[in-house]
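Values in this text are rule-based calculations from the coordinates and carry no lab data. None of these values were measured; they are calculated from a predicted model. Cβ sites come from the backbone with ideal geometry, for glycine too, and all protein chains shown count toward neighbours.
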């Protein structure tokens, strides 16, 4: 159990390390953060929502979990037009972000399993070499 947990933590660490060092992923994350900030400011100032409501609505909308219909949505014509454009841009950007993270996770998993298989094969070869060595018995 402990070994499995340590391997899982090592795998997660490898993913996070790889994502942090990926310039494309960082750029997508920065632009996504700016999108949420712009949406938050718009809904807070133009739609007269509280800051927390505007932040929640912006983040949920970009993450394709729009709380539309809860009363937090845009009420003005300008807000509805902005929201339509915001949804298309934000959801597209979020999908790119999620796909890049997923691609990195798959690559990390493949690399991790390859390294584990190589280590296992090296240990097996070492045991076989020790068993075949003269005077081993």
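Data for the structure
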| read-out | value |
| --- | --- |
| Label point at residue 63 placed 7 Å out along Cα→Cβ; residues across segment 36-51 whose backbone nitrogen lies under 13 Å | 36 |
| Residue 48/residue 85 FRET efficiency (R0 25 Å; Cβ-Cβ; nearest 0.05) | 0.80 |
| Degrees, to the nearest 10: 23-45 long Cα axis against longest axis of the chain | 30 degrees |
| Cα centroid separation, segment 20-55 to segment 80-108 (Å) | 13 Å |
| Residue 12-residue 106 pseudo-label distance in nm [points 7 Å out on the Cα-to-Cβ vector] | 2.3 nm |
| Of 40, 76, 104, the one that fluctuates the most in a GNM where the chain has Cα springs shorter than 10 Å | 76 |
| Angle between the chain longest axis and helix 51-62 axis [Cα atoms, degrees, rounded to 10] | 60 degrees |
| Between 0 and 90°, nearest 10: helix 77-132 axis offset from the chain longest Cα axis | 10 degrees |
| Structure-derived P(r) over Cα pairs in 10 Å bins from 0, in percent - corresponding label in (1) 13, 47, 35, 5; (2) 11, 27, 19, 17, 11, 6, 5, 3, 1; (3) 11, 41, 32, 9, 4, 2, 1, 0 | (2) |
| Cα gyration tensor shape of segment 1-56, rounded if a/c is under 1.5, else prolate or oblate by comparing a/b with b/c | oblate |
| Relative exposure of 2, 56, 50, judged by other C-beta atoms within 10 Å (fewest first) | 2, 50, 56 |
| Relative contact order %, the chain, counting alpha carbon pairs below 8 Å whose residues are six or more apart | 25 percent |
